1. Answer with one residue from A:Pro175, B:Pro171, A:Gly146: the one whose Cα lies farthest towards the positive end of the charge dipole of the protein assembly as shown, charges on Cβ with Lys, Arg +1 and Asp, Glu -1.
2. Please name which of A:Ser59, A:Asn315, A:His342 has its Cα lying farthest along the dipole of chain A towards the positive end, using unit charges on Cβ (Lys, Arg +1; Asp, Glu -1) and the Cα centre as origin.
3. Treat the count of other C-beta atoms within 10 Å as a stand-in for reagent exposure and order A:Cys160, A:Cys178, B:Cys74, B:Cys11 from fewest to most.
4. Could you pull out every one of the aspartates and glutamates with an alpha carbon less than 17 Å from that of A:Lys179, ignoring same-chain neighbours closer than 8 positions?
5. Sticking to Cα atoms, compute the Rg of segment B:119-182 to one decimal and its Dmax as the biggest Cα-Cα distance, whole number, in Å.
6. Under the classification rounded if a/c is under 1.5, otherwise prolate if a/b is larger than b/c and oblate if not, where does segment A:30-153 fall, given a ≥ b ≥ c as square roots of the Cα gyration tensor eigenvalues?
7. Local charge sum around B:Glu132 (other residues, Cβ-Cβ under 11 Å, Lys/Arg +1, Asp/Glu -1)?
8. Taking every residue in B:128-141, how many Cβ atoms of other protein chains lie within 10 Å of its Cβ, on average?
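Derivation of every value follows stated rules applied to the coordinates shown; laboratory data play no part. The structure displayed is predicted, hence computed values, not measured ones. Positions of Cβ are generated from backbone atoms using ideal geometry, with glycine treated the same way; all protein chains shown enter the neighbour counts.
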Amino acid sequence: MDYPKLKAYYAGAEVITNISSNLDDLWSQLLAGKSCLKPYENKALGISTFVNALELKESLNDLLALLLESYAQKHGLDLQSKRLRIYLSTTKGNIKESGEYALSLNDQSEYLQEKFDLTHFPKVISHACISGTLAIKEAAEAIEMGRYDEVLVIGYDPLCDFVLSGFQSFMALAPELCKPFDKNRSGINIGEVLALVHWSKNPQRTPIFYNGGAAVNDANHISGPSRNGEGLFQSIEGALNNGNIERKDLDYISAHGTATLFNDNMEAHAFHRAGLDHVPVNSLKAYFGHTLGAAGVIESIISLKCLEENQLLANSLYEEQVYDLPFGLNVIESNKNQELNHVLKCSSGFGGCNAAIIFSKE
Amino acid sequence: MNANLNIRSWCKIDADGFQSPSTSQSFSADTKSWKQLYKWLGLNYSKIFKMDSLCKWSFLAVELLKKTHDFKTCPGIYFANHSSSYDADAAHLNALHHKEGISPAVFVYTLPNIAIGEIAIANQWHASSQCEIFPLMDPRYFFEELQYFIQANGNLKEFIFIWCEVKNVQPDVFAFHLVREGGVMPFNVEQLVKLYQGSDEK
């Protein structure tokens, strides 16, 4: 990139999930192999699958405010600073509670700006299933370019009939706990979390920084991924080019891994073409399901936690899995302590969109 | 910061018609007006018939830009609107409430970035893009946004900005093509206001 780059540091995170009270709690649950996913039946829609439902009474606006306020207090952040911006990553926002045709992705932005008297209205990034990864890319770049000093990226999306019926119409919902990269994988589980990740121009105690990213379109199909992983491959190459890292130094890939036949095959192609077959890889979908606009955010947060803790998490929560992909990926079979310095996070989505970002230890 | 780009072409489409540097045509006020533009452009692209209205108008806006000046390289695409995929959402919700006809061909359009996907497919652009939802089409926001988008994509030579707001089939589209060399208008807030409000530009 041809601008004088500052560094964007990972400065903290917080999450709301159905198995934890905070991020540290979530981390210990994940280490113990606990999943947010539970069996789910919806007779009216003819759906039998697993979902990760928050089942909270608060409205979306209240949950967002709660998350933001508690994070800001804990970290002594001045939300009103003109050097701070909030990025919201979502695809369907408040559609669950907004009534028939009242969806407005600007509502949450307006609500938060008014409630906290923010200088800037929160920016809404809505780019299908890469929204979260792309929002982090944009947030980190904004800091690198000196646009803001602090950016808080918040990802969320509702688990609701709108989304479930749509994925059902694609016959993409798994009737069981999802099996990313497995020979017998049967599709997606949908999930719901709220996740906040904080990027700052200031170095932190364990300095981890954003080390490049790219987002390239497949230009192939709006609802199916490119067969040879073209857009994701180009995204990974772009991320490696604009970051300060050699591909041989990547220690871990946090894949999109939705557990659909086509997605996981596509990713295997892209990783192979990028010469990354040997790099330990997992998907976190067995823990959270596909949390849509929140996916890139929560999965990046856990990847960052893995980097901090030098810990790899098992890809599967099944006793046995058989990995059968076009290329032999190094899928992480069980939890493992291992020194980690560079992590690649990938996402792909409808519209042929792909994003790849890299986090590194200083 | 100086992005050092200029505007090569622009277009505007609303319920009354479309405008670009070389033409200004009115629509008859019906919901099929996209076909008039499609015909005027002399296009033969059957995929457009499957698209929802957001994608149709976004695709046509890019074709209108190309009519004035074609793209030489794959551009970075900055796409924004207010109502996301409102019409497709309404269609999917309607099918859901009536428990019939839930269709993947409708559901896939319930994401605004599908418009970028359609443009990328039609032009074979492996494009770098952003898709964002804003309160309104304010040239000041987007001038600032684009400065950073351009800086972050310093390797690219051309960019497209598309504001494509479609609600109840009514379009409000404003798009322009930015180039590093050979632009015909300055890229600044005043110029964007002038073009979007259509005061003295034809």
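1. B:Pro171
2. The one lying farthest along the dipole's positive direction is A:His342.
3. On the way: A:Cys160 16, A:Cys178 30, B:Cys74 19, B:Cys11 27.
Lowest count first: A:Cys160, B:Cys74, B:Cys11, A:Cys178.
4. A:Asp264, A:Glu267, A:Glu299, A:Glu319, A:Glu320, A:Asp324, A:Glu333
5. Expressed in Å, the Cα Rg and Dmax of segment B:119-182 come to 13.0, 39.
6. Numbers: a/c = 1.89, a/b = 1.64, b/c = 1.16.
Cα axes put segment A:30-153 in the prolate bin.
7. Details: positive: A:Lys123; negative: A:Glu138, B:Glu145.
Net charge in that neighbourhood comes out at -1.
8. Values: counts 8, 7, 7, 10, 11, 11, 6, 7, 1, 0, 0, 0, 0, 2.
What the average comes to for B:128-141 is 5.
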